[in-house]
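Worksheet: one structure, shown below.
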Amino acid sequence: MEYELEESNNWEPNIDDLRKKISDKTKAILICSPNNPTGIVYDRKKIKEIIDLAGEHNLPLLSDEIYDQITFEKEYVCPASLTNDVPIIGMNGFSKAHLATGWRMGYIYYHDPQNKLVELKDGIEKLARARLCANSIAQYAAIEAIKNPGPHTDEMVKKLRERRDYSYMRLRKIEGITCNNADGTFYLFPRIDFNEYTKWNNDKEFVIDLLKKTGICTVYGSGFGNYGKDHFRLTFLPDLDTLEHVYNLFEDFMKKSE
């Protein structure tokens with residue numbers, strides 16, 4: 001079950017909403033920070049509140065940290081650094097920060113001070129032995145990337161910050177589009193005012209029409225859950241010249257759709 005990220009509060013988690021949705025069927029609470037699709041980096045206070053809530057209900061925390069090194073002005077906070085009792089299962093990989101999508105390499109860590117995850121760890125190890133087998137060359141390369149990361153991630157983040165600023169500036173100038181700026185990742189999650197643009201009934205129709213008319217590929221927000229309704233996710237990974245071309249096409253598309 002999804003819990004609300006509040007757009008009016010820079011997409012920070014709604015703790016009251018999360019609390020209401022915990023039931024006897026709840027097995028864990030997920031934190032995805034830096035967040036896909038919104039680009040938000042959760043505030044330290046919010047993360048601590050979620051950890052405390054997990055502790056109240058004796059639940060482990062799942063921490064999706066795949067974008068942990070791709071942050072801009074706001075500092076990333078690792079949930080495991082904020083607790084000595086709540087068990088945390090951290091998930092990360094090499095596809096984002098290390099630009100190694102083709103390696104298909106990821107990893108899990110356990111922050112388990114009170115040994116509450118023994119059975120889970122045993123089950124995951126059995127599954128890995130039976131089903132997962134990354135090639136040995138990629139495994140050794142991944143170890144080297146952790147030990148000697150080099151400057152490539154910092155250089156990438158510097159470029160992404162410039163591309164984010166440009167994308168945010170262009171989006172803000174388009175009538176009927178509103179958007180919170182991203183703290184990290186390489187995504188923005190703009191909202192479409194369908195009172196102004198009545199050509200489409202929903203965000204899925206919008207992104208399909210955008211793709212057909214311009215070749216610009218985005219993801220419809222409702223595909224991420226109910227709270228993504230009326231939004232679309234775009235990436236600012238391309239270089240500035242490409243982004244300029246894309247936003248010129250996008251602006252023209254929106255003007256013709258008014």
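All of the numbers you see were taken from the coordinates with simple rules; none came from a lab. Since this is a predicted model, take the numbers as computed values, not measurements. Cβ atoms come from the backbone with ideal geometry, glycine included; neighbour counts cover every protein chain shown.
A compact table of results
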| quantity | calculated |
| --- | --- |
| Label-point separation, K25 to M91 (7 Å along Cα→Cβ), nm | 2.0 |
| Estimated inter-spin distance, D17 and C78, nm [label 7 Å along Cα→Cβ] | 2.9 |
| 20 Å cut-off, amide nitrogen to a point 7 angstrom out along Y197 Cα→Cβ, residues in segment 241-258 | 243-258 |
| Residue (of I89, P37, A130) at the positive-pole extreme of segment 5-147, dipole from beta-carbon charges | A130 |
| Net +/- balance of residues flanking E258 in space, Cβ distance below 9 Å, scoring K and R +1, D and E -1 | +1 |
| Estimated vicinal HN-Hα couplings, Hz - segment 177-185 in sequence order (Karplus 6.51, -1.76, 1.60; Gly, Pro = x) | 10, 10, 7, 7, 6, 8, 8, x, 6 |
| Between helix 44-56 and the chain: long-axis angle, C-alpha atoms, 0 to 90°, nearest 10 | 50 |
| Nonlocal amide H pairs with I70, under 5 Å, H built at 1.01 Å | T185 |
| Sites K173 and K229 - FRET efficiency at Förster radius 22 Å, r taken between beta-carbons, to 0.05 | 0.40 |
| Extension gain, E144 back to D252 (0.36 nm per residue minus Cα-Cα distance, nm) | 34.2 nm |
| Net lengthening on full extension, D239/D165 (0.36 nm per residue, minus Cα-Cα) | 25.4 nm |
| Electrostatic dipole magnitude of the chain [Cβ: Lys, Arg +1; Asp, Glu -1; Cα centre; debye, to 20] | 620 |
| Stokes-Einstein translational diffusion, the chain - Kirkwood Rh over all Cα pairs, 1.002 mPa s, 20 °C, in µm²/s | 106 |
